[in-house]
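S.K.: Can you read through this structure? Questions will come right after.
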């Protein structure tokens, strides 16, 4: 079976190449993450180029569907992997640069009740190279450099820990993608053991924790993970992440009409997070998913929720909705494509 050339780390590439000078390994590694094929590695000996060419594949994910928002220029991709697995990525233009939201799995097994990504369960994990490939393919298509990465697309990143960690290390390596670790955010629904492990990796990336409820009763209805991880434990582990990394933690909270958006819920949320200075709450109007009955909160309700949090001293922002006209939320495009395929 051919190797995905973008799966290599400096260490695995050195082992693969065998007895070659270290400078040569670094040279090839830099070419790889510049998105070059072996034939384009002009200063590499022919025998090594042939080895890479014959034993590795350099194809980036294929663009199956591409949607461009007329509202804000957001670009959404449905990519096809080598085995035809479909995954989504979204490129969002901001004044500070372009941010890409990448998937870490094809599908998801976490079962969150409001999410489209998890409806058909988990197909498989993505390799580190398949995650990197989303960035390289998007940069090649748009002609724009991507400076920020959020691992918030389909899948639970910490459920694919080793591959995601290799991806992050290649992304921040100056010879790799050369991104700042502080420009990378990983989103988790709360795999606390892996959160603790991540905190010890000496990678100052940002952490986003999908909270979506102020108490265990509501959270258990929305997120199966809550049955094994009490909300107090999740918040405690988030505090530990901040203490170890000194990186602010974002608590993601999808506002769902009549479920978690009351003034009382806002007061509970502030009390839950009280005394934790290294965080902020990011409120998200819940996205419409055809197979789900959830609706976003009324505007007045959302505004009251924000005011209640602010009055209690809780740092809060409301996420700007990007690509609203192209259903840019994770899982929606992939799910629509699967429905269409099943009808053919």
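We did not get these values from a lab; they are worked out from the coordinates using the rules stated. If you're wondering where the values come from, they're calculated on a predicted model, not measured in any experiment. Methodologically, a virtual Cβ is constructed for each residue, glycine included, from the backbone with ideal geometry; neighbour enumeration extends over all protein chains shown.
S.K.: Take the chain, connect every pair of alpha-carbon atoms lying under 10 Å apart with a spring to form a Gaussian network, then pick out the residue of 315, 27, 295 with the largest mean-square fluctuation.
M.R.: 27
S.K.: Roughly how tilted is helix 128-142, in degrees to the nearest 10 and between 0 and 90, from the longest Cα axis of the chain?
M.R.: Between the helix axis and the principal axis of the chain, the angle is about 90 degrees.
S.K.: Using alpha carbons only, how many degrees (0 to 90, rounded to 10) separate the axis of helix 22-33 from the longest principal axis of the chain?
M.R.: 60
S.K.: Within 10 Å of each residue's Cβ, count the other Cβ atoms and sort 126, 158 from fewest upward.
M.R.: Ascending Cβ contact count within 10 Å gives the list 158, 126.
S.K.: Moving to a separate point now. Only counting other Cβ atoms within 10 Å, I'd like 55, 130 sorted with the fewest neighbours first. List each step's numbers first, then the result.
M.R.: Values: 55 13, 130 27.
Ordered by Cβ neighbours within 10 Å, fewest first: 55, 130.
S.K.: Using only Cα atoms and rounding to the nearest 10 degrees, what angle (0 to 90) does helix 299-311 make with the longest principal axis of the chain?
M.R.: 90
S.K.: Compute the relative contact order of the chain as a whole-number percentage, counting only Cα pairs closer than 8 Å that sit 6 or more residues apart in sequence. Could you put the intermediate results ahead of the total?
M.R.: Working: 632 pairs, mean separation 53.7, N = 344.
Relative CO of the chain lands at 16 percent.
S.K.: With each run of n ≥ 4 DSSP H residues scored as -39500 (n - 2.57), what mean residue ellipticity at 222 nm is computed for the chain after dividing by its residue count and rounding to the nearest 500 deg cm²/dmol? Mind dumping the intermediate values first?
M.R.: On the way: 11 runs with 123 residues, N = 344.
Taking each H run of at least 4 residues, the total per residue is -11000 deg cm²/dmol.
S.K.: Another question, then. Would you mind getting the Kirkwood hydrodynamic radius of the chain from its Cα pairs, rounded to one decimal in Å? Don't skip to the answer; put the middle values down first.
M.R.: Details: mean 1/r = 0.0474 Å⁻¹.
About 21.1 Å, per the Kirkwood formula over Cα pairs.
S.K.: GNM on the chain, C-alpha springs below 10 Å: top fluctuator among 59, 299, 307?
M.R.: 299
S.K.: Among 217, 156, 139, 298, rank each residue by its count of other Cβ atoms within 10 Å, from fewest to most, as a rough exposure measure. Walk me through the numbers before you get to the answer.
M.R.: Working: 217 10, 156 26, 139 18, 298 13.
In increasing order of surrounding Cβ atoms, one gets 217, 298, 139, 156.
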